[in-house]
Structure formats: structure tokens, C-alpha cells
1. For the range 86-127, which positions are over 12 Å from the mean Cα position of the chain (by Cα), of a type in the set (Val, Ile, Thr), buried (at least 22 other Cβ atoms within 10 Å of the Cβ) and assigned to a loop (DSSP other than H, G, I, E, B)?
2. Restricting to the range 236-249, give me the number of residues that are buried (at least 20 other Cβ atoms within 10 Å of the Cβ), of a type in the set (A, V, I, L, M) and either without any contact (Cβ under 8 Å) to a residue 60 or more places away in the chain or in contact with an Asp or Glu (Cβ under 7 Å, 6 or more places away or on another chain) (or both).
3. Tally up the residues in the range 251-260 that are of a type outside the set (Lys, Arg) and free of Cβ contacts under 8 Å to residues at least 40 places away in the same chain, please.
4. Only one of Asp82, Asp45, Asp41, Asp118 is modelled with pLDDT under 95 and under 30 Å from Pro344 (Cα atoms). Can you tell me which?
5. Looking only at the range 196-206, which residues are in contact (Cβ under 8 Å) with a residue 60 or more places away in the chain and open to solvent by 20 Å² or more (accessible area, probe 1.4 Å)?
6. From Tyr233, Tyr229, Tyr193, Tyr210, grab the single residue that is open to solvent by less than 20 Å² (accessible area, probe 1.4 Å), in contact (Cβ under 8 Å) with a residue 24 or more places away in the chain and touching a strand residue (DSSP E or B) at 6+ places or on another chain (Cβ under 9 Å).
7. Which of the residues that make up the range 45-59 are of a type outside the set (Val, Ile, Thr) and assigned to a strand (DSSP E or B)?
8. Identify the residue in the range 338-367 that is acidic (Asp, Glu) and open to solvent by 50 Å² or more (accessible area, probe 1.4 Å) and, among all such residues, is nearest to Met106 (Cα to Cα).
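The values are calculated or read from the model by the stated rules, or taken from the named source; none is laboratory data. Predicted model, so just to flag it, every value in this text is computed and none were measured. Using ideal geometry, Cβ is built from the backbone for each residue, glycine included, and neighbour counts are taken over all protein chains shown. Quick note on the areas: whole protein, heavy atoms, side chains included, nothing else; ligands and nucleic acids left out. Shrake-Rupley method; radii C 1.70, N 1.55, O 1.52, S 1.80 Å.
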Amino acid sequence: MPSIPATYQESRQVFQEHLAEIRRYWPSACLNHHALFDNKDLSIDWILADARTRKKKLLVISTGLHGIEGYIGSAVLQLFFDEFIHRINPEITGVLFIHSQNPWGMNHWERTNPNNVDLNRNFISGEFQSPQMDNPDYPRLKSFLCPERPLGSLIAAKTRFITGLLMTLLQVGTLRLREATLMGQNNFPKGIYFTGQAHQEETGLLMDLYQRAFKGYQRIVHIDLHSGYGPRYQMTVVTSPLDSMDSKEIQKKYTLTRVAGANPNEFYSMHGDMNDWEYEIVKKQYPEASIFAANFEFGTYGDSFLAEALSLRTTILKNQMNQYGASKKTGEWVAREYRELYLPQEPSWSDKAFEDARQAFDGILNA
């Protein structure tokens, strides 16, 4: 059974140690690093190996695009190395494994990078200020979603959240609140789900890496590992609306238990989603190739209305604390809740996550 690392440094070391095993199948496999912000202790690391004889298939598995989610991602990647890598045919299949696409966030137990940018809202192909990037409800909800004051009393903060939530639901309803919150916005740099106003250093590196890795392959499969969304004890495979198959077809083809398309009816819409960007790139640059890109989402709080409300509360309070500070007692509580939102401490949660990952890896490799 894989173990969840305690620190970013431990996770990175475990990842690097798998190079020797991967070279048993792909002797040419290389370990690469890109240090961020001129800090050699924070790097995006990846192992890349092309197919040995013919470039037919490429398998990509990546972790930590939302830094704090990299802890369960690291353990699931270990699971893949331990139990599934021997099932790949290296003669016709290349591999790309990426550890911690957001190392600053993982190291600091944050979801964003140091600029408060959600990197999975930063894969923008056009202009950041284009009409397609509009999030019309976000400005009117800004005072609720992004309180501009330090966090003091926890009781007062919880009370203000409940009051604000009820007023917001009366204004826009549940669906519009979810869309406004999660879609991404680029006008408020201190707000939640900030897309950024330019490509980040991490995003630029990843865009270049993916485009180079995809070249020449006929079939590309990319699994990006996440946590937070969905039922507490059930992984959800979240797919791009740009895929040619709908959720039911994908579920059947890969024998998956739970699939949701990234649209308002099944999940939510996003600006600057990495998987959507990959579909666009493949269609434009490699039209002879096909791609299946999806997220493994390991649910934490749950998917009930109450669970979603608690998740939103934790997200708002954590961002408020990051931007404006908090009292010591309140800050410690918020930090604990935030970790629980992305990495529950209950052992049965991680056991179920590994079980679900096994099932999904098995189905995808069989297909």
C-alpha cells in the first residue's frame, strides 16, 4: 500500500527514486527538473520516455496542479508505479510522469501558486481579458466571496458566512452561485479562483512540455490527479466537454464507476482548464492524433448541499486569512479545515481512494 508523504520534499524524493524502475522498461527515460522562482528547492520534476520502437500511444499522469492536492496525487502515482507500470508495452507506448505541477502550493499546503493564481484556470489560449473570460455574477458577489477584512472571531466569521450565503442564494440561486464561484475570474487578484492576467511560469513550462511530448503520437491519454470534488468515498472521473464522447459513453468504454463532464449540469464550467487546452492543442497542432484527458477527483467533504456550503466556507475563510491575516486561534482552525478539505486524515478515506484509483487505472489500461 502506498503511503501519503508528509512533505513536498519527501514526495519529490520518492518520485525521483522511481527513475531506476522506469528505466527497466524504458532505458532512455530521463528525469528532468525546472526550478521555479530561482529556488532550487522548488521544482517541477518529470520523467519522460518515448516509445522504444514506434510512437503509437502516450500515457501522461500528473500531480499537484493544485499544490495541496499533490499529497494524495503523489500516493496514487506511487500506486501506479507499484502495480500497473509493468502492464504498459514500452515498444509502442511512451510515458510522461509529472510530479507537483505547483510545487510552491504543495510545499506551503496551498491550492494556488504564490500569486494567488489557480493554475487550472490559467491555461488560456486567447486573451485573458476577452469576452469569453467574462464571469458576470462574480463582481456582484465579491463582498461575500472575498471579504476584505482580517479574520477575527471564528464565531463571527461563521455567522457572517451563513448570513451572506442565504442572501446570495436569494439573489442568484444555487447553480449561478456555483458557476460564479468556480468558473474562474481575472479581475480580482485577491479573490478566490483567480485565473491570473497572464500565463504563470508554471503554466508556460507545462504548455511547452505537453506540446513537445505529444508530438508524433497517435493516441494520448492524460490523467491529472486532484482531490476535493464529489462524494466523500467515491472518486469521480471528470472529463472535458470537448471530448467526442459523453459521460455515459466514457463510463462504459473505460468501465468507470462515476463520470462527470465539466459542464454546469454535471460538474461546473471553467475558464482556462488544462484538459480543455490540451484538446484544443491536439486538434490544432496534431489533427492526426486523438486524446482522452481527464481528472481523477477524490471527493472529501461530500456532494450534498451542506457539504458544498462547508467547502465554500473553508475556501472563503482560507483566502481571507491569506490576504488579510487572522487571529492565531482562528488561523489554526482554518488551516486544519483547509487540509481536511483536500487530504482527509481518516485512514479509510485514503484506502477507498486507492481502491477507486486501481479500478480506474485498470479500466483505462484495458481500453
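1. Result: Ile124, single match.
2. 1
3. 3
4. Selected residue: Asp41, the only one of Asp82, Asp45, Asp41, Asp118 that is modelled with pLDDT under 95 and under 30 Å from Pro344 (Cα atoms).
5. Gln197, Ala198, His199, Gln200, Glu201, Leu205, listed by residue number.
6. That would be Tyr210, the only listed residue that is open to solvent by less than 20 Å² (accessible area, probe 1.4 Å), in contact (Cβ under 8 Å) with a residue 24 or more places away in the chain and touching a strand residue (DSSP E or B) at 6+ places or on another chain (Cβ under 9 Å).
7. The answer is Asp45, Trp46, Leu48, Ala49, Lys57, Leu58, Leu59.
8. Looking at residues that are acidic (Asp, Glu) and open to solvent by 50 Å² or more (accessible area, probe 1.4 Å), I get Glu340.
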